[in-house]
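Enquirer: After the C-alpha cells below, expect a handful of questions from me.
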Amino acid sequence: MPIAVESRLDILEILLTPVAWIPGMQQWLIEFMSYSSSGWVAAGKFFLLLFPLALFVSAMWCTMLSLYTIPFRSHRISFAATMLVAWWDAARSVWLFWVGLFRFGLVALGWLFNLGRLGIKLVVEVISQLVVAPFAMTGRLSRNYFQPGVPWIAFLLLLGWGLLEATIFTYVMYPTVAEVLTDLVGVQAPALTGPVLYMFLLLLILGSFAVLQALLDSIKQRQFKFIVQMLAVELFVMSFEVMFLYRELVDAITPWIAQQTGQRLGIVPVLAIATFGWIGIRGMTWFLFAQFGTPPLLAFISRQPLQQHASTEHAQMPQEMRNWWAAPLHDFKLELDWLHHKSNELIEYLTLPVLQVLAAILNFAMIVLMAKPLFSLPLKSLGEVMETREILSHLRMQPRKMES
C-alpha cells in the first residue's frame with residue numbers, strides 16, 4: 001500500500017509539473033511589487049508593471065492549463081498556432097500599454113497647457129473689459145446723450161430741484177404750520193406733519209412747472225381760450241407760492257436786510273422781493289432744465305409715449321451695446337467645445353492601454369475554452385470593446401450539419 005500511494009503521488013506530481021511552478025513565481029512577483037524603496041518607485045511599479053505582470057501570469061496559467069486539453073482537441077496544430085499568436089498579441093499589448101501611457105502623459109500635459117492658456121485668456125479678457133469698461137461706458141453715454149431722445153438729465157435735475165426746494169420751504173414753513181395746527185386742534189402737531197408738508201410742497205412745486213408747461217403749449221398752439229385760463233391759473237399759483245412760500249423765506253432773511261439797511265421792510269417790499277424771487281427762480285430753472293424735464297414728467301405721470309425723433313445711429317446703439325460681449329462669448333463656446341472633445345480623447349488615451357492588456361488576458365482564457373480569441377488586437381478605439389452584445393453574438397456556437 002505505501003508503494004502504491006507513493007506511485008500515485010509521483011504520477012500526480014508529474015501531472016502537475018506544468019503548473020506547479022506558477023504559484024511560486026506569483027509569490028515572488030507579489031513580493032517584488034510589494035517592496036519599494038520610495039513612493040516614486042512604488043508608483044512606477046504600479047503604473048508600468050502591474051497590468052503587464054498580470055497579463056504574464058494569466059497567460060502562463062492559460063498556456064499551461066491548455067496543455068491538459070491538447071489530447072482532447074481535434075485541431076491541435078491550429079490551436080497551437082492560435083496560442084502562439086496570442087503570445088505575440090500579448091507582447092504587442094504590453095508595448096502598446098507603455099506607449100499609450102506615454103501618449104496619455106503627453107496629451108495630459110498639452111491639455112493642461114491649453115486649459116491654463118484658456119484660463120489666462122479669460123482672466124486677461126475680464127481684466128481688459130474691466131479696464132476698458134469705464135471708458136467705453138463713458139463713450140456710449142456721451143454718444144447717447146448727444147443723440148435725440150428722452151432728456152433724462154433734465155428730468156433728474158427737475159426732480160432734484162423740486163426735492164431741494166420742497167426741503168427748504170418745509171424747513172421755513174414748519175414752525176408756522178405746526179403753530180397753526182396747534183391752535184386749531186389744541187394739541188401739539190403730530191410727528192407726520194413734516195413728511196406730509198414735504199410731500200404737499202413737492203407736489204405744489206412740480207405742479208407749478210406743469211402749469212407753466214401747459215401755458216406755453218397753449219401759446220404755441222394759439223388756443224386763446226386756454227391761454228387766458230392758464231394765465232389765470234399761473235397767476236393764482238404764483239400768488240399762492242409768493243404769499244405762503246417765498247414770503248416766508250423773505251421774512252426769514254428780513255432781520256439781516258434790516259440790519260444792513262437800518263430800517264425794517266414793510267409788507268409791500270417783502271411781497272415785491274418775494275415776487276421777483278419767484279419770477280427769477282422760475283425763469284432760471286425753466287430755461288436751464290425745466291423746459292426739457294417737464295414734458296417727460298407729465299408723460300410719465302399720464303403714461304403716454306413721449307414724442308421723440310431718434311436718428312438711425314441712435315436706434316442702432318442699443319444693438320451695439322448688446323453685441324459687445326458676443327465675440328468673447330463665441331470664443332468661450334469654441335474653447336468649451338474643444339475641451340469636451342479633448343476630454344473624450346483623454347479618456348480614450350487613458351483607458352485604451354489598460355483595455356489592451358485586459359483584452360489580451362481575456363483572449364488567453366477564450367482560447368483555452370473555445371480555441372479562438374475574443375478580440376482582434378491591437379484595439380484601435382473604445383468602440384471595439386464597448387458593444388458587448390455584438391461580442392457575444394460572435395461567440396455563439398453554430399451547430400454542425402449532419403451528413404445525410
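Enquirer: At what distance in nm do the modelled label points of Tyr68 and Leu163 sit from each other, each positioned 7 Å from its Cα along Cα→Cβ?
Expert: 9.6 nm
Enquirer: Using 0.36 nm times the number of residues separating Ile30 and Val354, minus their current alpha carbon distance, what extension gain do you get? Could you put the intermediate results ahead of the total?
Expert: Working: separation 324, 0.36 × 324 = 116.64 nm, distance 1.97 nm.
Roughly 114.7 nm would be gained on extension.
Enquirer: Find which of Val242, Gly266, Val211 sits farthest along the positive direction of the dipole of the range 150-307, computed with +1 on the beta-carbon of Lys and Arg, -1 on that of Asp and Glu, about the Cα centre.
Expert: In the range 150-307, that residue is Val211.
Enquirer: Fully extended, how many nm does the chain gain between Leu16 and Leu122 (0.36 nm per residue separation, minus their Cα-Cα distance)? Kindly include the intermediate steps, with their values, before the conclusion.
Expert: On the way: separation 106, 0.36 × 106 = 38.16 nm, distance 6.70 nm.
So the chain would gain 31.5 nm between Leu16 and Leu122.
Enquirer: I want the local charge near Ile361. Using Cβ-Cβ distances under 15 Å, sum +1 for each Lys or Arg and -1 for each Asp or Glu among the other residues.
Expert: Numbers: positive: Arg92; negative: Asp89.
Residues near Ile361 contribute 0 overall.
Enquirer: Want the number for Ala299 to Leu112: 0.36 nm per residue separation, take away the alpha-carbon distance, what's left?
Expert: Working: separation 187, 0.36 × 187 = 67.32 nm, distance 5.86 nm.
Contour length minus the Cα-Cα distance gives 61.5 nm.
Enquirer: Given labels modelled 7 Å from the Cα in the Cβ direction, how far is it in nm from Lys225 to Ile267?
Expert: 3.8 nm
Enquirer: Please state the charge dipole magnitude for the range 1-110, taken about the Cα centre, from unit charges on C-beta atoms (+1 on K and R, -1 on D and E), reported in debye and rounded to the nearest 20. Can you show the working numbers first?
Expert: Numbers: 6 positive and 5 negative charges, 88 e Å.
The dipole of the range 1-110 has a size of about 420 debye.
All of the numbers you see were taken from the coordinates with simple rules; none came from a lab. Since the model is a prediction, treat every value here as computed from it, not as a measurement. Methodologically, a virtual Cβ is constructed for each residue, glycine included, from the backbone with ideal geometry; neighbour enumeration extends over all protein chains shown.
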